[in-house]
Every structure is written in C-alpha cells, then in structure tokens.
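Enquirer: If you scroll down you'll find the structure; I have some questions about it.
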Amino acid sequence: MGHYRIFGKTKDFITGKEILDTDDERMRQKIARFLVEVKGYSREDIEVKREIELICVNEKAVSIVDFVVKISDKRFIVIRYGPGSLVTRERAALAAARILETYQIPLTIVTNGEEAEILDTITGDVISTGLKSIPSKAQAQEQIETMHFKDLSPKKLEAEKRILFAFDALEHSCECDDDFCITTL
C-alpha cells in the first residue's frame, strides 16, 4: 500500500470530529454524504471506522470497517472502501461482515467511491452493482423483515477471522497507516 497525501484536517460528515484530510478520506466523505443525502439514512444510522480486533498466532491486528449501517437497531450493511479494483476487496469485506457482530450482517458492499458491488454476506454472491443499487433507507426497512441474521459456527467464525487477518495484514501492514495496525504480542 502506498503512502497518501495529507492536505491538513477536515470534519467528518457523520461524526463531526476532526480527521486527517487525505485522498481516501475525501472519497469516504463522499460516500457518507451519498448515504445521507441520496439514500436517506440519518447520521445516527451510520457508524464510521468500526474496529475489529484480530489475533492470529502471536500477532494482534485491528481492521477497520469504513461504514456500518443500522436499521431498527440491527446492523444491516457493512461498507468497505478501497481505491482500485472491487473484486480484490470482496473476500475481506465478506469476512468483516461475518464477524463484526454475533450474527452475519446481511449485506456487504465494496466500493472505490465510483463503483460498488452489493454482496449477499451469507452466500458471497454479488447481487447488484453500482452505487445507485445500494438500498435506500426505505428499501432497507422493507428488506430487513425478510433478511436472515445467521450466526456462524465457532469453527467458521475462526476461519473468517483468519481470512480477514491475512487479507488486511498483507495489504495494510505499513506502520504509518492509521486504518490498520499490526503488532507482535
């Protein structure tokens, strides 16, 4: 992973907190605005930079989910942003959606800010593409009634943690990257 330009500080659209202004952060802010202004979610429906602590052998890592969208107090969508190709980000995003809660969050979205793939978390299948196909809040409220919030077996849960660790540790192990850190215990 290359280094990024820092333009100073900016205010996070969802939380109002001061954050670093980078190329990637500008794209994340664009996605946040899209979710609120176009898709109808409130800021309270969206969690940003949700951490997942991972331990594999003697290494500890923290992976970040860019956005988690809630409907009726149930986490419904995981969104992971990354520049470039979407297909290379699918597996790690699915693993995050499968382990973030005690249940598998039903929809996983990978996006580079211009394109998006919406995946069924349980099957891993791409069910639609394009930012416009991200469910609006009204659509999500309808869909949540028929969605399955399945648990993973302990064995599959551990496998998904290892998958996320492997993908993110290989991609984000730069010491200066604030979205991921890896340390030896």
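No lab work stands behind these numbers, since they all come straight from the coordinates. Computed from a predicted structure; not experimentally measured. So basically every Cβ, Gly included, is an ideal-geometry build from the backbone, and we count neighbours across all protein chains shown.
Enquirer: Show that you can apply the helix-only estimate: for the chain, add -39,500 (n - 2.57) for every DSSP H stretch of four or more residues, divide by all residues, and state [θ] at 222 nm to the nearest 500.
Expert: -7500 deg cm²/dmol
Enquirer: What FRET efficiency would be calculated for the residue pair SER136, VAL57, taking the C-beta separation as r and a Förster radius of 41 Å, to the nearest 0.05?
Expert: Step by step, r from the Cβ atoms, then E = 0.45.
Enquirer: Something else: Which whole-number percentage describes the relative contact order of the stretch 61-178, with Cα contacts under 8 Å and a sequence gap of 6 or more?
Expert: About 25 percent, as a whole number.
Enquirer: Pick from LEU119, LEU20, LEU94: which residue has the top mean-square fluctuation in a GNM of the chain where Cα pairs under 10 Å get a spring?
Expert: Comparing LEU119, LEU20, LEU94 in a Gaussian network model of the chain, the most mobile one is LEU20.
Enquirer: When the chain is modelled as a GNM with alpha-carbon springs shorter than 10 Å, which of TYR103, TYR81, TYR41 fluctuates the most?
Expert: Evaluated over the chain, the most mobile residue of the options is TYR103.
Enquirer: If R0 is 22 Å, what FRET efficiency do you get for LEU20 and VAL87 from their C-beta distance, rounded to 0.05?
Expert: 0.20
Enquirer: Here is a further query. Need one number: nm distance between label points at LYS156 and ARG50, each 7 Å from Cα along Cα→Cβ, rounded to one decimal.
Expert: Each label point lies 7 Å from its Cα, and together they span 1.9 nm.
Enquirer: In addition: Of all the stretches in the chain, which is the longest one without any exposed loop site, taking GluC sites (Glu not before Pro) in a DSSP loop (any state but H, G, I, E, B) with at most 11 other Cβ atoms within 10 Å?
Expert: It works out to 1-113.
Enquirer: Taking the Cα centre of the chain as the origin and placing charges on Cβ (Lys, Arg +1; Asp, Glu -1), which of GLN143, ALA159, LEU107 is farthest toward the positive end of the dipole?
Expert: Of the options given, the answer is GLN143.
Enquirer: May I pose another question? 7 Å from Cα along Cα→Cβ at both ALA166 and GLU115: what's the point-to-point distance in nm?
Expert: 2.5
Enquirer: Then there's this: Might you report the magnitude of the Cβ-based charge dipole of the chain about its Cα centre, with Lys and Arg at +1 and Asp and Glu at -1, to the nearest 20 debye?
Expert: 260
Enquirer: Output ³J(HN,Hα) for the stretch 51-63: one whole-Hz value per residue in order, computed from phi by the Karplus curve 6.51 cos²θ - 1.76 cosθ + 1.60 with θ = phi - 60°, and x for Gly and Pro.
Expert: Each residue of the stretch 51-63 in turn: 8, 10, 8, 10, 10, 9, 6, 10, 10, 10, 9, 10, 9 Hz.
Enquirer: Hey, another quick one. Over the Cα atoms of the chain, each weighted equally, I'd like the Debye log10 I(q)/I(0) at q = 0.08, 0.10, 0.13 Å⁻¹, rounded to two decimals.
Expert: Results for the chain at q = 0.08, 0.10, 0.13 Å⁻¹ read -0.24, -0.38, -0.65.
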